[in-house]
Amino acid sequence: MKRALIAVALFSLMAPSAQAAPKAITVQLGSIYSAPVGTEISLQSAKNTIFISNPVAQSADIQVTAVDLTNTQVWQRTIDSGLSEVAMAATADPLGNIWIAGAAAVAPAAETATPTVGVDNPDQVNIDSPSDLRTDLNQIALWKISNTGELSATYLAPQKTIPMISSLSATNSGISIVGSLDSKPFLLAATTSGVFGKLVFLGSSKTEFNTVVRNSDGTSSIYGSSAETLAGKKLAGIRDGVLIKVSKTGSITSLVRSSALKAARSWISGDSSYLVSGPVITGKVTETAITKFTSE
């Protein structure tokens, strides 16, 4: 991939001329409303804005609320398996389904009751049953919610430690998920029917993945930052922004580093057209870069 252009907005100051004055345009105020209290994730799906929160009751749950342009609640769904689950990232697929990625607890193993027959208890003390042990959220979880608010699928991929999900992308060809596990950045692909591929680690704790875009051919474009050598390309600044193209089998096919002398850069967001943005920090100065890459 080659960087094509750094996007800069240019404004021309035009001198008065004999041309007719431009026609006035009436500007109307659009809908303005606040996200529900506790919202941690929001996205747009067709005409609805989707708000996602992680309320805690007997266990950690996920609440998904759809609101239309008139600030009217269209539907609301609570994901509660009886165990804890946490939403970390979300996206909408081409059919309007909402996909949520996060972590879910593993069901605790059943306790074997100790027989009490024949045990002396002269004071008739009531013995409380042991409470269930809390389990860690050691599963990568995918939840699929239809555009009408129905929870249509839950898919789980057990791990040894708690996963942190930073982004996911869903197309008709499947889902791509990025995050970190044991402080190492990973890419995980899955089919829309919930078959997970192999967890692929790319780099060490010195690399961070912020956004993933799944392409129609099943490959993935990952946007983030790195302070180490990746795919043979060395660090140029304090930290470089990286755009990584990964094949369906999980190997890096191309990598572009964006660097500035004595600066820390990171790509926070990016889309399928390779338009990316992120901070450039040089000393005490922080700027935002918007860059358009070509597809080659």
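The values are calculated or read from the model by the stated rules, or taken from the named source; none is laboratory data. Quick caveat, the model's predicted, so the values are computed rather than measured. Neighbour counts run over all protein chains shown; Cβ positions are idealised from the backbone, glycine included. Each accessible area value is taken on the protein alone, full model and side chains, heavy atoms only, with ligands, DNA and RNA left out. Shrake-Rupley method; radii C 1.70, N 1.55, O 1.52, S 1.80 Å.
Filtering segment 231-252 to residues that are closer than 18 Å to G179 by Cβ and open to solvent by 10 Å² or more (accessible area, probe 1.4 Å) leaves G250, I252.
Can A260 be described as over 18 Å from S167 (Cβ atoms), touching a Ser or Thr at 6+ places or on another chain (Cβ under 7 Å) and assigned to a strand (DSSP E or B)? In short, no. Looking at (1) surrounded by fewer than 17 Cβ atoms within 10 Å (Cβ to Cβ); (2) over 30 Å from A157 (Cα atoms); (3) of a type in the set (S, T, Y), which one does S204 not meet, given that it meets all the others? Condition (2) is where S204 drops out.
For residues that are in contact (Cβ under 8 Å) with a residue 24 or more places away in the chain and open to solvent by 80 Å² or more (accessible area, probe 1.4 Å), scanning just segment 263-294, find the one that is nearest to S167 (Cα to Cα). The residue in question is I268.
When N138 is tested against the conditions (1) over 16 Å from the mean Cα position of the chain (by Cα); (2) under 19 Å from S247 (Cβ atoms); (3) open to solvent by less than 50 Å² (accessible area, probe 1.4 Å), the lone failure is (2).
Say we look at segment 179-227 and pick out the residues that are free of Cβ contacts under 8 Å to residues at least 40 places away in the same chain and part of a strand (DSSP E or B); which of these is nearest to R265 (Cα to Cα)? This residue is S226.
All conditions in (1) part of a strand (DSSP E or B); (2) farther than 25 Å from A92 by Cα hold for T291, with the sole exception of (2). Among the residues of segment 158-167, those that are within 14 Å of the chain's Cα centre (by Cα) and either open to solvent by 10 Å² or more (accessible area, probe 1.4 Å) or within 17 Å of S226 (Cα to Cα) (or both) comprise M164, I165, S166, S167. In the set (1) at pLDDT below 90; (2) surrounded by 15 or more Cβ atoms within 10 Å (Cβ to Cβ), the condition left unmet by P122 is number (2).
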